1. I want to confirm something. Restricting to the range 474-492 and keeping residues that are crowded, with 17+ Cβ neighbours inside 10 Å and either part of a loop (DSSP other than H, G, I, E, B) or under 60 Å from the mean Cα position of the chain (by Cα) (or both), which single residue is modelled with the lowest pLDDT?
2. Considering only residues of the range 357-368 that are over 17 Å from residue 383 (Cα atoms) and in contact (Cβ under 8 Å) with a residue 12 or more places away in the chain, which is surrounded by the most Cβ atoms within 10 Å (Cβ to Cβ)?
3. Out of curiosity, is residue 334 at pLDDT 80 or above and not in a loop (DSSP other than H, G, I, E, B)?
4. Considering only the range 312-331, how many residues are buried (at least 17 other Cβ atoms within 10 Å of the Cβ) and either more than 29 Å from residue 376 (Cα to Cα) or touching a residue at least 12 places away in the same chain (Cβ under 8 Å) (or both)?
5. If you scan the range 259-287, which residues turn out to be outside any loop (DSSP other than H, G, I, E, B) and surrounded by 19 or more Cβ atoms within 10 Å (Cβ to Cβ)?
6. Has the range 192-208 got at least one residue that is outside any loop (DSSP other than H, G, I, E, B) and modelled with pLDDT of 80 or more?
7. Does any residue of the range 79-92 turn out to be at pLDDT below 85, assigned to a loop (DSSP other than H, G, I, E, B) and farther than 30 Å from residue 121 by Cα?
8. Return yes when residue 34 is in contact (Cβ under 8 Å) with a residue 24 or more places away in the chain, within 30 Å of residue 132 (Cα to Cα), surrounded by fewer than 18 Cβ atoms within 10 Å (Cβ to Cβ) and over 60 Å from the mean Cα position of the chain (by Cα) and no when it is not.
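The values are calculated or read from the model by the stated rules, or taken from the named source; none is laboratory data. Note that the coordinates shown come from a computational prediction; the quantities given were computed from them, not determined experimentally. Positions of Cβ are backbone-derived with ideal geometry, glycine not excepted, and every protein chain shown enters the neighbour counts.
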């Protein structure tokens, strides 16, 4: 059994001890990744040392040590002088210049700030499309300037306020030391000759080079011209109205020179900057032609469709007539008033008008004796037409209203017929109130001209029965009709008594309408 080959084999104690004594305690280090190099890869002195192990040997690993991270060594492959490409060449894109100092990521000649001890990249100027000599922290704030900042200022000597002790950056103008651009808003002085006042700080004073007494108040963009010396002037000569003697600003200035004249002397037509004609509101090209031909004072613009005349001064087409065509309700008629006296005034109608009327037989009011024109498209004039919208019927007028339109003989005959029925009948009809509604739209009650309570009602709220769904006329001295006033409670009185429906009897049904006076 001891020699059975299938039995498990165990090492003796001596064999285990020998293996432990003579075995290599360290694992073999991998080889350098540099082609052809068989040296072992560089490892950190201890596992607690900063940085990481390299894939290259000590000779082929970059010798740069980052002081900001405790001296951690760069693990990239060295390419020249013991440094990798990242620590050999300038880090600015497309720059192949070598670094002077591996700790500075930029080349000294082109991209590192020239200020002593500064390691920042130089500022790139969009204006010049190039790098300046200084970084953002040390360069003048003017984009096109290549000079360094002055101490305690954001600008160089040229672009710092010339005021004593002032360090505010300004636009600057080296060609003229006294120019306003060389001073800040506090120290800026008016550029007008002999004036030492401060520049006026106002949104209208856009150029910012003149004081309150000398700046041009026209509102034009960047106008730095001096205001005219004339009393009352507020603008410069460039932006003054061209009308002699006028000191007002031109109209429609916008961002440039604008128009030619001020608002009071410029043509009132939009887009026209010509001078007005005399005292008129329009220029000679746009004024009504009647101003020249008929010497009238017209401020309306001429219409090319009316031969250059305004609607009020269109000439009558009749031969030898110099009068103007008549206007009715805003419509220009075909001829003047003299040639339209005996014609219907309805637009589009040339029929002969009735005697004493402005309308022909077709367009005169349908009420007999009335000579006023119809209120189109109805058949009656405004005084005799029902006032209900869209209703063409005549008003249900009383005799007093008819007397204003009926001829005297007809009115006298009507009164004689009424007198045959007695004095009371004549007075009742004569005193009947006039209504502005037709018989269809007014209350059916006698002598009432009010409007019914609703579209379905026949009587106004005063004369309609208060019973729900009832449309009958109320009985005399009652608020209910004959049927509902005597049927249920046996009394005809309205104010109580005898079982009537008085609101004060305590027996008012809850299903009754509210009283509508």
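1. Here is the first cut: in the range 474-492, the residues crowded, with 17+ Cβ neighbours inside 10 Å are 474-475, 478-481, 484-486, 489, 492.
Of the ones still in play, those that are also either part of a loop (DSSP other than H, G, I, E, B) or under 60 Å from the mean Cα position of the chain (by Cα) (or both) are 474-475, 478-481, 489, 492.
Values: 474: 90, 475: 88, 478: 84, 479: 87, 480: 88, 481: 89, 489: 49, 492: 44.
Restricting to residues being crowded, with 17+ Cβ neighbours inside 10 Å and either part of a loop (DSSP other than H, G, I, E, B) or under 60 Å from the mean Cα position of the chain (by Cα) (or both), the top hit is 492.
2. 360
3. Judged against the criteria, residue 334 is a match.
4. 5
5. 266, 287
6. Among the residues of the range 192-208, at least one is outside any loop (DSSP other than H, G, I, E, B) and modelled with pLDDT of 80 or more, which makes the answer yes.
7. Scanning the range 79-92, I find no residue that is at pLDDT below 85, assigned to a loop (DSSP other than H, G, I, E, B) and farther than 30 Å from residue 121 by Cα, so the answer is no.
8. Values: in contact (Cβ under 8 Å) with a residue 24 or more places away in the chain: yes; within 30 Å of residue 132 (Cα to Cα): no; surrounded by fewer than 18 Cβ atoms within 10 Å (Cβ to Cβ): yes; over 60 Å from the mean Cα position of the chain (by Cα): yes.
Against the criterion (in contact (Cβ under 8 Å) with a residue 24 or more places away in the chain, within 30 Å of residue 132 (Cα to Cα), surrounded by fewer than 18 Cβ atoms within 10 Å (Cβ to Cβ) and over 60 Å from the mean Cα position of the chain (by Cα)), residue 34 does not qualify.
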